[in-house]
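Structure first, commentary second.
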Amino acid sequence: IPGNSAASGGAVHNRGTLTIVNSTISGNTAAAEGGGIYNQTGTAILTNVTIANNTAATGGGFANSATGTLLNTIIADNAQASSNCAFVELSGGNVVDTGNTNLVEINGVAQPCPGVTHRTRLLVTLRL
């Protein structure tokens, strides 16, 4: 899902049940939350998904304020206006990392974003 823009959820703004499998979400922009995906309410299940090169004011790649499940998912090289944060857990959000999720490379350095409290496996180096 490339090259879209919106106020929230540049590529996808979820308020129900969302399942994305074997997909890439890249080059999207949101003025507020979730350059790639904003999971506002409901459930988002991402399997074998790459979220890269998206931009937003909050949560450049993925902003979550509901329930999300991530499996074998990469979130990398996304930009957040204030801190280049690829992933953000907003108030009320709960993401379940199933154990095989590779998360968060920012400017070539593997790191979690502030406010993300679940454990993830991090990438050492990622080249897109």
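Given labels modelled 7 Å from the Cα in the Cβ direction, how far is it in nm from Ser23 to Ala81?
2.6
Around Thr43, which amide H atoms from residues at least 5 apart in sequence, or from another chain, sit under 5 Å from its own amide H, with H modelled in the peptide plane?
HN-HN under 5 Å from Thr43: Gly16, Thr17, Leu18.
Net charge around Ile25, counting only other residues with Cβ within less than 15 Å of its Cβ (Lys, Arg = +1; Asp, Glu = -1)?
-2
Order these peptides, 51-60, 26-35, by their mean beta-carbon neighbour count within 10 angstrom, highest first.
Those peptides, ordered most packed to least, come out 51-60, 26-35.
Read-outs: derived from the displayed coordinates by stated rules, not from any lab. This structure is a prediction, so every number in the text was calculated from the model and none was measured. Ideal geometry is used to build each Cβ from the backbone, glycine not excepted, and the neighbour counts take in all protein chains shown.
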